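Read the figures in this text as sums done on the coordinates, not as results from a lab. Just so it is clear, the model here is predicted, and its values are computed rather than measured. When we count neighbours, we look across all protein chains shown, and the Cβ atoms used for this are built from the backbone with ideal geometry, even at glycine.
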Amino acid sequence: MKRLKLVPANTSIPFARYAPVAVGLSIFVMLASLALLFTRGLNFGIDFEGGTVIEIATKGPADVAGLRHTLGGLGIGEVQLQKFGDDSHVLIRIGAVKDGSSTDNQGQIVVRKVKEALGSEVEYRRIESVGPQVSGELIRSATMAVLIAVALMFVYISFRFEWQFGVGAVLSIFHDVLATIGVFSLFHLEFNLTTIAALLTIVGYSMNDTVVVFDRMRENLRKFKKMELTQLIDLSINETLSRTIMTSVTTLIALFALFIFGGEVIRSFTFAMIFGIVIGTYSSIYVAAPVLIWVGVKREWGMKAPGAKVEKKV
């Protein structure tokens, strides 16, 4: 019985040949993501924006216009409504009132007024309240978490390999994080704490892919001491390509199942993960590796590896 092979044996794709075009595309994506971030901004969820989220279920198809009219006259702040799942489920978002007054009981007051207005005709499935002060702390903590993760990854790669590899890995991570944030800004998708969890997972996943390629490069640097660096990088990527694609495909199968059947609550998380894995696989080939060509790498890695051979220049 033949085993399934997503990548044929002895694949020799000239990745380095297309590196300038790919790097140019990556730079464009990063700059576009930054431009979107500063102009369009992010659609912060309740975790970062502050306010109250109430998920309700009506007995029949929900009258969103009627609900909007009823809640809009309560004087509880900006009210946004959207269908959530099927026609009978509605998500109500009420922004925090930032007027300098105390917000300790603001969420409780909002929930009480909504329940008085809607009565017992609806089922309250979920209620969440976050004050502006707490949301500000969450933004700072989330930013620090991502930056610390990237810094620790650089330290790890620098110790395990060399600083040149660390630079390539960090640029790859920044590329993945910025591209993911840019997509969330472009499509105005909700950006919340689960998205931050997805970004941290993407950082780890992208680093894992990059380390596999780097480890093979280090082995080949020991074996082929006179092979041109571009050829050596192509060889290393091709040798690990089957493993990289197989890992990405199996992970994406699970994530697509979650995206389709997991419901709205985790949809932003799964979307970020799907996009992050695709862009992370790309960046380990076309962001991390080309950096090594430009900064150069150490050709002598200590003792000669067993079975090492010197490659003749063609």
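Report, in debye and to the nearest 20, how large the dipole of the chain comes out about its Cα centre when Lys and Arg carry +1 and Asp and Glu carry -1 on their Cβ. Don't skip to the end; give the middle numbers.
Values: 31 positive and 26 negative charges, 372 e Å.
That gives a dipole near 1780 debye.
Applying a DSSP loop filter and a limit of 14 other Cβ atoms within 10 Å to the chymotrypsin sites (Phe, Trp or Tyr not before Pro) in segment 175-207 leaves Phe187.
Put a plus charge on the Cβ of each Lys and Arg, a minus charge on the Cβ of each Asp and Glu, and nothing anywhere else: the dipole of segment 1-90 about its Cα centre is then about 840 debye.
Within the same chain, aspartates and glutamates fewer than 8 places from Lys59 are excluded, and of the rest, those with a Cα less than 13 Å from its Cα are Asp86, Asp87, Glu121, Glu123.
For the pair Arg160 and Thr247, label points projected 7 Å from Cα toward Cβ lie 0.9 nm apart.
Residue exposure proxy: Glu121, Glu137, ordered by other Cβ atoms within 10 angstrom of their Cβ from fewest to most, comes out as Glu121, Glu137. Residue order for Phe48, Phe261, fewest other beta carbons within 10 angstrom first, comes to Phe261, Phe48. Simple rule: put +1 on each Lys or Arg Cβ and -1 on each Asp or Glu Cβ in the chain, find the dipole, and look at Leu189, Leu147, Val297; the Cα lying farthest toward the positive end is Val297.
Rounded to 0.05, the FRET efficiency of the Ser120 and His188 pair, given R0 = 45 Å and the Cβ-Cβ distance, is 0.85. Scattering from segment 51-130 was approximated by placing one identical point on each alpha carbon and applying the Debye formula without solvent; log10 I(q)/I(0) at 0.19 1/Å stands at -0.76. Averaged over residues, the count of other Cβ atoms within 10 Å places the peptides 206-212, 196-202, 278-284 in the sequence 278-284, 206-212, 196-202, highest first. Full extension of the chain between His69 and Ser88 yields a length gain of 5.1 nm, computed as 0.36 nm times the residue separation minus the alpha carbon distance. The 3J(HN,Hα) values that the Karplus relation (6.51, -1.76, 1.60; θ = phi - 60°) gives for segment 254-266 are, in residue order, 5, 5, 5, 5, 5, 5, 7, 10, x, x, 5, 4, 10 Hz. Gly and Pro appear as x. Largest mean-square fluctuation among Ile277, Ile181, Ile56, in a Gaussian network model of the chain whose springs join Cα atoms under 10 Å apart, belongs to Ile56.
Would you mind ranking Tyr286, Tyr156 so that the residue whose beta carbon has the fewest other beta carbons within 10 Å leads the list? Intermediate results must be reported in sequence, preceding the final value.
Details: Tyr286 21, Tyr156 14.
The most exposed by this proxy come first: Tyr156, Tyr286.
Taking 14 Å as the straight-line reach from the Cα of Lys226, the aspartates and glutamates in range (excluding those fewer than 8 positions away in the same chain) are Glu300, Glu311. Once you divide the Cα radius of gyration of the chain by 2.2 N^0.38 Å, the number left is 1.28.
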